[in-house]
Amino acid sequence: MKDRRGRRIIFLAHCLLNQNAKVDGLAGYRGACEPLVRLLTRAGVGIIQLPCPETTCLGLGRPMGTDTVEQYDTAKYRAVCRKLARAAVREMKAYQGAGYRILCVLGVEGSPSCSVDRAPKLVGGKRRMVRGCGLFMEALKSESVRAGLKLKFIGVPEANAAGDMKKALEQIGKATK
């Protein structure tokens, strides 16, 4: 048998492949983010699922609360994010060391943990999307820079208020070529 692997991979936020990990009421798909999975499988890209820091720290039955960065911004939660980010970066370095190309890291725009460019924050007592990064993606970016990795981060919007899914898929499509 001939080995057909493409040696091209992406790392992505946990809930993009498992919507069941989301806070109740926020899943946009029954299982996985279908348009994204179709695009990635058609491109022949290996898919590596990052851990979910919210589920790791607070479990599946966590309450929605404000669903903002401030809700999760505690010393304990930041420590969980750093620990998970360090493990992910070790895995990334192992893949790169074995000759694989990491095409990008996909986050979830609108997530207090996994936003890349548009994070939900409390502004004047209301939840607003503002420029910024979620706590886990912030830790992952920091750890990847510390490890000397040059990674492209792309945000996939979980709701219209967080961005344009079609544009995000186009950007991801370009990264997978």
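Nothing in this text is a laboratory measurement; each read-out follows from the coordinates by a stated rule. What you see is a predicted model; the values in this text were computed from it and never measured. With ideal geometry, Cβ positions are generated from the backbone for all residues, glycine too; neighbour counts draw on all protein chains shown.
Structure above, values below:
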{"quantity": "Label point 7 Å beyond Cα of Met64 along Cβ direction - residues of the stretch 1-42 with amide nitrogen under 19 Å", "calculated": "15-16, 19-31"}
{"quantity": "Where the Cα pairs of the stretch 138-177 fall when distances are cut into 5 Å bins, in %", "calculated": "6, 22, 20, 16, 20, 13, 3"}
{"quantity": "Per-selection Kirkwood Rh - the stretch 8-175 (Cα, Å, 1 d.p.)", "calculated": "16.0"}
{"quantity": "Under-14-angstrom lysine pairs by C-alpha in the chain, whenever the two are 8 or more apart or on separate chains", "calculated": "8"}
{"quantity": "Estimated distance in nm for a label pair at Thr41 and Gln96, the labels positioned 7 Å out from Cα along Cα-to-Cβ", "calculated": "3.0"}
{"quantity": "Difference of contour (0.36 nm per residue) and Cα-Cα distance, Asn160 to Gln49", "calculated": "37.6 nm"}
{"quantity": "Cα centroid separation - the stretch 108-167 against the stretch 59-82, whole Å", "calculated": "14"}
{"quantity": "Antiparallel DSSP beta bridges within the chain, as percent of all bridges there, nearest 5", "calculated": "30"}
{"quantity": "Degrees, to the nearest 10: 75-97 long Cα axis against longest axis of the chain", "calculated": "10"}
